[in-house]
Every structure is written in C-alpha cells, then in structure tokens.
Amino acid sequence: MTRTARRQGARGRDALRTHGAEPGAALRDEANAALIEALPEAVWLVDADTLRVRTANAAAARLLGMPAQALRGRSMSELCATPEDLCFWSEVAIGASERIISDSWVQRADGSLLPVTRSVSRAAQAHGADLFVVALHDRSAELRAAQESESALAGLRATLESTADGILVTDLAGRIVTCNRRFAALWNLDAELLARCDDTGVREWMARNVADPAAYAERLAAIEEAPTLQTSDVFKLRSGRIVERVTLPQTSRGQPIGRVYSFRDITAQLEAHQRIEQLSHTDPLTGLPNRRLLADRIEHALAMAQRDGTPFAVLFLDLDRFKHINDSLGHQFGDRVLTEVSERIKSCLRQVDTVARLGGDEFVMVMHQADAAGAQATAQRVIEAMSRPFAQGGLSFTVTCSIGIALYPNDGETLDELLRHADKAMYSVKEGGRAGYRFHQPRKDVDLRSRMRIDHAMRQGLANGDFRLDYQPQVELASGRVVGAEALLRWHDAEFGAMLPADFIGVAEESGFIVAIGEWVLGEAVRQAAQWRAQGLEIVVAVNVSALQFQRPDFAGGVARTLQGAGLPAHGLELELTESILIQDAQEALARLEALAQLGVRLAIDDFGTGYSSLAYLKRFPIRQLKIDRSFIDGLPGDESDAAIVQAIISMGRALRLRVIAEGVETEAQRRFLQSAGCDLYQGFVFAPALDAQRLFELASAAPQPATRGMRLVG
C-alpha cells in the first residue's frame, strides 16, 4: 500500500469518529441536493473524507422512514445495520474500491431492517472533497416474490410426489423440466440418469423398455408435433405391465410452453376388469358359459341362420333325480358331479358348438349348422357318455339325463321360443320315464280344442265375476314389517275347477285375452289398496304386467286413470315386469317406463336372473326394485351356485341403488341367509301364503313380532 493510500485510510478512520465539513460545502450540497432530488431511487451523498451524509433525496427519506434533513451529517457507522456493513465502509474508507454494488440491509427509523441493493460510486468534485454517491434499491418485493415462488415450487413438488401417477414435465423441445419419484419407479429408471439430468438417456431408456418401440416412437413423435394436443393412450412395457399415458399441454398466457405426461399402471385394473367380464359370462362352478353368454351365442346362431339359411339346434339337458345326490351326499359332492358332467358334455360336442349351464343341473347345448340327424346323434353321444359310471369320494354311481331338442326354424325363430320348446320337450322326456331325448312336437288338434275351451271359459269367468285376487305379504327383512303385497290371480271354474295361473295364463297370452285380465287385475288391486289406505294401512300393492298389456300405446295413460278413479297415490302401486318385456324394444320400453315413473308409480323387474337383459339397460331404465326369481332361492343356503347368484344380484342392486326382494322364501334358513346377504324384502310361505284382502289387512296391521316372524302362517 502506498504512503498516500495510508494517509487516506487514516483520514477515513478518523472520519468515522469526528464530524465536520469544509467551508463552502453548504452551497455545493444545495446544488447536489437539487441534482439528486429528481432521481427515482433513494440516493444520498457521502463525504469521502468524513464518511458522513452530505445530502439525501426524498426517496431516501421515504426508504428509511425519516426526514431527509435528519440524514444529513449522519455517520455511515450510525447507518450500518450489520457487521458486514462496517467492514464494507472500512474498505471504502481505505480506497479499496472505486465502485461497489452489493446486496445489504438498512435499518429504518422504526428499527426494522430493509433488504436493498446498494451501489456506491466515487464522484470527484472540482472544489472540495470527493463524494460517494450511494444509491439504494428496495429489494423487498423481489424477495417476497422469490419466497412465494419457492413456496409455490415446494407445493408443486409436494403435489407431484403425492399423486399415485408418474408425472413427467418437458419443455417444447422435449427437455425434462421435472418429474416425480413415481415416474422413476414406474419406468424403473436408472438413478444415475436422473442424477446427471441426462434427458437423452432417459428418453432412450423409456423407448427400450416398451414392448413395441416402433409404435411407441411413432405415437410420441405425433404428440410432440402437436403442442396443444390432449390425448390418452395405452401401451405395454417389456416387464408385462400395462401403462396408460395421458398428455396435456402446458401453457402460459395462452401459449404452449411444454407438456405434462401422466403415467398410470393399469395392469391390476385391466386384470380385474377381465376377471369381472369372465365371471359375468361364465358359470363360477364349471367355467361353462352362463345364461347371458348363451343368449349371445344363440343370437349369433340366429343371425347366421337368417343370413345363410343354415339350420341349428338347441338341446336342453336336465339331470335325472339329481336332487337325491345333493340331499344324500351334500352339495359339495353334487358340485363335483356337476363339474364332471360338464366335461363329459363338452367331450361330445364339436369345437364350434356351445354348452352352457343355466343353473342347478340344467345345461343347454347350441349346435351350429345342425339338422335333426345331427342333433339326434349328439343327444345319443351325450346320453352314452352319461351312462358311464361316476366315481366320486370312493362311491360308484350312475347319473342319467333327459334332453329336449328344438330346431330352427321349425320350432321357433326367436331365442325365447327355441329355449321354451326345447325345455318342454325335455319335460316330455321326464314324464315319459327319463334317461332319453325327444324333439319338440307341435300341439295336436286335441290340445288346440282344450285351449279353445279354456279361452272361452276365461272370457265367461271374467264376465261372471269368477276371478278374485289374493295378496301375498312382502316383508321388510330389517324390521319384519309388512310393507307391500303382491296381487295374485285366482280362478275357480264350474267345469275345470280351481285353475292355477300356469294352466291358463299361457292360453290368455296366446289369445290376447291377457290384456283384459291384466286390466281387471290392475283395477281390482288399486281399488283394494285405496280401501286399505282409507282403513289406515298404507302398503304398496304389486301387480304383474304382461307383455301385451305393457305394449299397448296408452298403457301409462290407463294406469293414471285407474289410480285417479280409485284415489290411490301413484307411489302406492308397483308394477312388476319381466326382463324379456323390457328388451323386446328397448327404446319404446324406456319411453313407457319414463312415463310411468313421471306418474310416481314404482317399477320392478320380476323373476330377475332368468331373462337376458343387459346391465346397460338397467342403468337407463327407471327401475326401483329387483325381484330374485324363486329358482335361485330354492337351493339356499346350501347350494353354492344359488348363493353366489343371489349375493351377486343383491350386490348389483346396491350398486345400482335398487331395492332387492326375494320371492319363494319357504324356510327360516333361507330368510336368515337373505338377511345376512343384505336383501331388503322377501315374500313366501315362511311368513305367509297368499291371503284374502281381509286377512292380509289384519296381518299387516299387527305390529311385527320378531319371535314369530319365521313361523309359517297357514291360510
């Protein structure tokens, strides 16, 4: 250090302790004050010898929160807010720097510290000591913005890490901006690649780990060529995992600046979906197609036959006296027998044919491009295969079967007709001694004459008042209360005697007289429900609706007029329709159902599980209740297949927010199973048979008695 510099340093250190100014400085200070007053930033002038403020502008006064006059004459040591500032001005005093720019802090008059960017420059004067020009820029806003940005970045990072998806953010050039740990784990990325920010290496790694690199590269190129494209696609990794990729553009002020890729491992989801699809189409015990898939196969066969004119056959098989096996050896033993039966049937069919299990011991075979001779040969092979002894659990026994055959187009041109006629032919085999097969036989003249007599008797009986209604209670499982009653038709004829609905409903449907009967049943049931309400019993009356009745153009209007005439609120009536009615013309059925729903009438699907409706229709139709068919209740709780079906229907009903009622509940064990499975309602002999209106009123009016709910009430 030169002698001159040492003298200047000594003067600077003395100046930190003394206060004074040379003569004539006041005039120069006024001139300098006028000069810096126009500057927008805080500026003060410091005497280079004394290191005291000579003058300051208004901006400096505002910055420090004190009048400009109060700053004049203040020593830099007084204004230093940190030890670093003292060192800084010491360096200035010894001439270590002619110009210094640094970030620092100043102390305001209220004692608070303010972050600033400080610029100190030496300015030579013609007369008198040199000055230091000190300019201060308030950094408060910048620091707040930086802190907010850092906080936002930390929040973004936390958000990225909290999501279950792998996230990758790139700029428009494809360079990686950020990614989360889930992304690295999903792609099993080498940690070293990410650590050294090797964008090219990461992209190459990803391309190498997809099952189809060419297709992946082509798709990625198409995405990157369209900066605003939003898309979703699925691809497979070499590891076997299935990944869904969703891409979204990242924009700023309406302009694309990059792209966000979201990766999700959907392997388990797809496997579960495939499993659900498999379960929805196959029998859980045998793995054979179920009723739903069978309907699809028959519809396919119908389409092929109508297009090509080729016949096909439907064979309905039922095991003979299989109930004896379940009753004597147990349902688990019976299930093993059913599994072996399914294998024997499959061994008798061609690859193009189908065998399905409808439930219990009923099987249906569909033979493509088969005439009567082909169907007969197959039936004989199945009967021969079944005649071989079964060996299960150390026992050797024989299981025979009865087979009914229906041929397209002679025995029917629809799914329902073919199944119904094959089923009737099978029952003819049962009646004839079992263990054989039979083709469907058209009705003979004598049968036609008998049906004509029944039709005539029905028409006379309705006019003469020979029909009546009984009502079977519908009971709430949770409370034991009677909340509804199903109207059941009864007919006693002078010639035929007591006629069951099964004896005459088919004739009524064929002749069309079912419409008149249905209107009478509806009117009588609604009138009775209104009378009960007048007596203080508010329960819902359920009425079955036939296909012909439902398909009448003014059906909904007729229901409305019937309700109005009897004075029954619409919610006091429930109409029960079969699945086959609803799918004959789905759009027309939906329109009628919506019209009924707008009235407030409750709608239910009867005999659920025995038809061929789609779950998609159930979501669209305004249905409120499903009635489980009694064929699934008979085997409860021991039959695993029936139990699985019933539980599935109840679960599906809950998912669709529908109430579920079981019919044909005849034992306390069945009732307990349904209650534990979450079923809402039940009806059946375990509570009460169908009763006349007065006895139903008396039973339903009584408070529920838990101790006797399971007792059978004989009517």
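A few notes on this one:
- Filter result (of a type in the set (S, T, N, Q), open to solvent by 20 Å² or more (accessible area, probe 1.4 Å), without any contact (Cβ under 8 Å) to a residue 60 or more places away in the chain and not in a loop (DSSP other than H, G, I, E, B)) within segment 30-84: Gln69
- In segment 220-235, residue surrounded by the most Cβ atoms within 10 Å (Cβ to Cβ) [restricted to those that are more than 15 Å from Val169 (Cα to Cα) and more than 29 Å from the chain's Cα centre (by Cα)]: Ala226
- Summed over segment 416-438, residues that are out of contact with any Asp or Glu (no Cβ under 8 Å at 6 or more places or on another chain), open to solvent by 30 Å² or more (accessible area, probe 1.4 Å) and outside any helix (DSSP H, G or I) total 4.
- Qualifying residue in segment 106-126 (condition: closer than 15 Å to Leu51 by Cα and at pLDDT below 80): yes
- The C-beta contact set for segment 382-403 (first residue under 17 Å from Asp361 (Cα atoms), second residue assigned to a strand (DSSP E or B) and open to solvent by 10 Å² or more (accessible area, probe 1.4 Å), distance under 6 angstrom, 6+ apart or interchain) comprises Phe390/Phe397; Ser402/Asp318; Ile403/Tyr437.
- Taken over segment 286-298, the criterion of being assigned to a loop (DSSP other than H, G, I, E, B) and either surrounded by 17 or more Cβ atoms within 10 Å (Cβ to Cβ) or under 25 Å from the mean Cα position of the chain (by Cα) (or both) is satisfied by Thr286, Leu288, Asn290.
- Here Gly638 meets the list (1) open to solvent by 20 Å² or more (accessible area, probe 1.4 Å); (2) in a helix (DSSP H, G or I); (3) closer than 24 Å to Asn290 by Cβ almost entirely, failing just condition (2).
- Looking only at segment 590-613, and only at residues there that are in a loop (DSSP other than H, G, I, E, B) and open to solvent by 40 Å² or more (accessible area, probe 1.4 Å), the one that is modelled with the highest pLDDT: Thr610
- Taking (1) at pLDDT 90 or above; (2) surrounded by 14 or more Cβ atoms within 10 Å (Cβ to Cβ) in turn, Gly412 satisfies each apart from (1).
- Enumeration of residues in segment 614-628 that are assigned to a loop (DSSP other than H, G, I, E, B), at pLDDT below 90 and either more than 19 Å from Asn290 (Cβ to Cβ) or among the acidic types (Asp, Glu) (or both): Phe621
- For segment 400-415, the criterion of a residue being of a type in the set (A, V, I, L, M) and assigned to a helix (DSSP H, G or I) is satisfied by at least one position.
- Of all the criteria given as (1) under 29 Å from Leu415 (Cβ atoms); (2) free of Cβ contacts under 8 Å to residues at least 60 places away in the same chain; (3) part of a helix (DSSP H, G or I), the one not satisfied by Ser580 is (2).
One line per residue, one yes/no per condition, for (1) in contact with a Lys or Arg (Cβ under 7 Å, 6 or more places away or on another chain); (2) modelled with pLDDT under 80; (3) open to solvent by less than 70 Å² (accessible area, probe 1.4 Å):
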| site | (1), (2), (3) |
| --- | --- |
| Leu136 | yes, no, yes |
| Glu150 | no, yes, no |
| Ala154 | no, yes, yes |
| Trp187 | no, no, yes |
| Arg196 | no, yes, no |
| Thr200 | no, no, no |
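- Qualifying positions in segment 222-271 - part of a strand (DSSP E or B) and of a type in the set (Lys, Arg): Lys236, Arg245, Arg259, Arg264
Each row is one residue, and each column tells you yes or no for (1) open to solvent by 50 Å² or more (accessible area, probe 1.4 Å); (2) on the phi > 0 side of the Ramachandran plot.
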{"residue": "His300", "(1), (2)": "yes, no"}
{"residue": "Gln306", "(1), (2)": "yes, no"}
{"residue": "Gly309", "(1), (2)": "yes, yes"}
{"residue": "Arg321", "(1), (2)": "yes, yes"}
{"residue": "Asn326", "(1), (2)": "no, no"}
{"residue": "Val341", "(1), (2)": "no, no"}
{"residue": "Thr354", "(1), (2)": "no, no"}
{"residue": "Met365", "(1), (2)": "no, no"}
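- Condition check for Tyr216 on (1) more than 30 Å from Arg357 (Cβ to Cβ); (2) open to solvent by 80 Å² or more (accessible area, probe 1.4 Å); (3) in a helix (DSSP H, G or I): one failure, at (2).
- Number of residues in segment 657-671 that are open to solvent by 40 Å² or more (accessible area, probe 1.4 Å) and under 21 Å from Ala542 (Cα atoms) equals 3.
- Residue in segment 195-214 that is without any contact (Cβ under 8 Å) to a residue 12 or more places away in the chain and among the β-branched types (Val, Ile, Thr) present: yes
- Residues of segment 325-368 satisfying the condition of being in a loop (DSSP other than H, G, I, E, B) and small (Gly, Ala, Ser): Gly330, Gly360
- Annotation: Ile661 fulfils all but one of (1) touching a helix residue (DSSP H, G or I) at 6+ places or on another chain (Cβ under 7 Å); (2) at negative phi; the unmet one is (1).
- Listed by position, the strands (runs of 3 or more DSSP E) inside segment 443-544 whose residues that are touching a residue at least 12 places away in the same chain (Cβ under 8 Å) and buried (at least 17 other Cβ atoms within 10 Å of the Cβ) number at least 2 are 467-476, 482-493, 540-544.
- Selection of segment 250-269 for residues being of a type in the set (A, V, I, L, M, F, W, C) and within 31 Å of the chain's Cα centre (by Cα) yields Val260, Phe263, Ile266, Ala268.
- Residue match in segment 571-578 (condition: surrounded by fewer than 19 Cβ atoms within 10 Å (Cβ to Cβ) and modelled with pLDDT of 95 or more): yes
The values are calculated or read from the model by the stated rules, or taken from the named source; none is laboratory data. Given the structure is predicted, the values throughout are model-derived calculations rather than measurements. Don't worry about glycine lacking a Cβ; one is built from the backbone with ideal geometry, like all the others, and counts go over all protein chains shown. Remember, those area values only see protein heavy atoms, side chains included, never the ligands or the DNA or RNA. Shrake-Rupley method; radii C 1.70, N 1.55, O 1.52, S 1.80 Å.
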